[in-house]
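Worksheet for the structure shown next.
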2 protein chains.
Amino acid sequence: MRRDVFQAIADPLRRDIISLLAKQPMTINAVAKKFEVSRPAVSKHLKILKECGIITINQDGRERFCQIEPKNLIPAFLWIEQYKTLWEEKLDSFENYLLELQTKNKNNDQNG
Amino acid sequence: MRRDVFQAIADPLRRDIISLLAKQPMTINAVAKKFEVSRPAVSKHLKILKECGIITINQDGRERFCQIEPKNLIPAFLWIEQYKTLWEEKLDSFENYLLELQTKNKNNDQNG
DNA sequence: TATATTTGTAACCGTTCAGTTACATAAATA
DNA sequence: TATTTATGTAACTGAACGGTTACAAATATA
């Protein structure tokens with residue numbers, strides 16, 4: 001199975017987990033409590049994120065703290081960034097497009 | 001099924017197709033010939049890319065030209081960019097890290 | 001008109017994904 | 001020591017993924 005950063009961020013729940021862990025390290029249970037799905041489900045996502053290098057997990061007694069490893073998002077960032085000039089060329093105003101996107105996100109209540 | 005930009009770029013073959021179409025528009029057959037997999041397989045990937053808004057397809061006679069729609073990569077770019085300050089904080093030198101990454105990519109012959 | 005080209009798509013296959021419930025284990029606590 | 005807490009994981013399920021082959025249809029060309 002593919003285990004890379006693109007796979008890691010493909011799932012919306014995993015993106016939410018990343019957003020959560022970007023604020024502060026949390027135990028596996030604490031993460032699980034933030035979502036509707038079961039703990040094993042979250043646990044599996046965390047395992048995938050770990051295998052993709054996006055988080056590290058450190059044990060302290062019976063607790064395991066998940067910590068984001070932000071530098072491992074860089075390859076995905078660089079890949080998309082290649083096309084930045086392409087879209088900047090094609091858009092009259094990048095800033096206006098961003099505003100438009102933000103409005104759209106508010107309406108749809110997306111966070112992905 | 002999920003049809004968003006994150007899903008679109010999750011597959012390495014789709015990323016290769018995007019890279020190809022970023023250079024110039026191409027017919028479906030022309031794209032298919034660039035890869036080892038069958039034409040229907042490529043066709044399916046193009047369909048997914050279209051459904052995700054990453055490409056548009058314009059018919060001219062019996063040929064269909066696929067064209068990249070680079071602005072639809074922006075949401076993914078913005079999502080990852082959120083964490084830019086986070087990794088810049090944690091890395092002694094972003095530039096050195098990039099060099100290191102480039103070397104790694106050369107060795108592994110990755111293009112993803 | 002007959003043939004070749006370009007494409008779509010249906011049917012199928014094996015694997016992976018994302019979730020569940022149920023149970024096991026190790027550590028902290030009463 | 002008995003119980004609670006934090007976690008792992010096995011077994012299962014249904015859906016989605018990524019590929020194939022085979023066939024159909026529309027357009028261009030000889």
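If the only charges are +1 at each Lys and Arg Cβ and -1 at each Asp and Glu Cβ, what is the size of the charge dipole of segment B:56-106 around the Cα centre, to the nearest 20 debye?
About 260 debye.
Could you state how much accessible area A:Leu46 has, in square angstrom rounded to the nearest 10, with a 1.4 Å probe and all protein chains kept in place?
About 0 Å², ignoring ligands and nucleic acids.
Using square roots of five times the C-alpha gyration tensor eigenvalues, list the equivalent-ellipsoid semi-axes of chain A in whole Å, biggest first.
31, 17, 12
For the protein assembly as shown, what does -39500 (n - 2.57) per DSSP helix run (n ≥ 4), summed and divided by total residues, give at 222 nm, in deg cm²/dmol to the nearest 500?
So the helix-based figure for the protein assembly as shown works out to -16500 deg cm²/dmol.
Considering only the label points, 7 Å along Cα→Cβ from Cα, what distances in nm to one decimal separate A:Pro40 from the same position in each other copy, shortest first?
Spelled out, the distances from A:Pro40's label point are 3.6 nm.
Any idea what Rg and Dmax come out to for the protein assembly as shown if you just take the C-alpha atoms, in Å?
When restricted to Cα atoms, the protein assembly as shown yields Rg and Dmax of 18.9, 68 Å.
Filter the cross-link list A:Lys104/B:Lys84; A:Lys34/A:Lys84; A:Lys34/A:Lys71; A:Lys104/B:Lys47; A:Lys44/B:Lys84 down to pairs whose alpha-carbon distance in this structure exceeds 31 Å.
A:Lys34/A:Lys84
Apply the Karplus curve 6.51 cos²θ - 1.76 cosθ + 1.60, θ = phi - 60°, to the phi angles in segment B:42-54 and return the couplings in whole Hz, x for Gly and Pro.
Along segment B:42-54, the couplings run 4, 4, 5, 4, 5, 4, 4, 4, 5, 5, 8, x, 7 Hz.
Hey, can you grab everything whose amide H is under 5 Å from the amide H of B:Thr27? Only 5+ residues off in sequence or another chain; H modelled, so Pro and N-termini drop out.
Counting only residues 5 or more places away or on other chains, the set is B:Cys66.
At most 13 other Cβ atoms within 10 Å and a DSSP loop assignment: could you name the trypsin sites (Lys or Arg not before Pro) in segment B:1-102 that fit?
In loop regions of segment B:1-102 (DSSP not H, G, I, E or B), the sparsely surrounded trypsin sites (Lys or Arg not before Pro) are B:Arg2, B:Arg3, B:Lys34, B:Arg62.
Which GluC sites (Glu not before Pro) from segment B:1-109 combine a DSSP loop assignment with at most 12 other Cβ atoms within 10 Å?
B:Glu36
The values are calculated or read from the model by the stated rules, or taken from the named source; none is laboratory data. The model shown is predicted, which means the values in this text are computed figures rather than measured ones. Here Cβ is always computed from backbone atoms with ideal geometry, including for glycine, and neighbour counts include all displayed protein chains. Just so you know, the surface numbers come from the protein's heavy atoms only, side chains and all, with ligands and any DNA or RNA stripped out. Shrake-Rupley method; radii C 1.70, N 1.55, O 1.52, S 1.80 Å.
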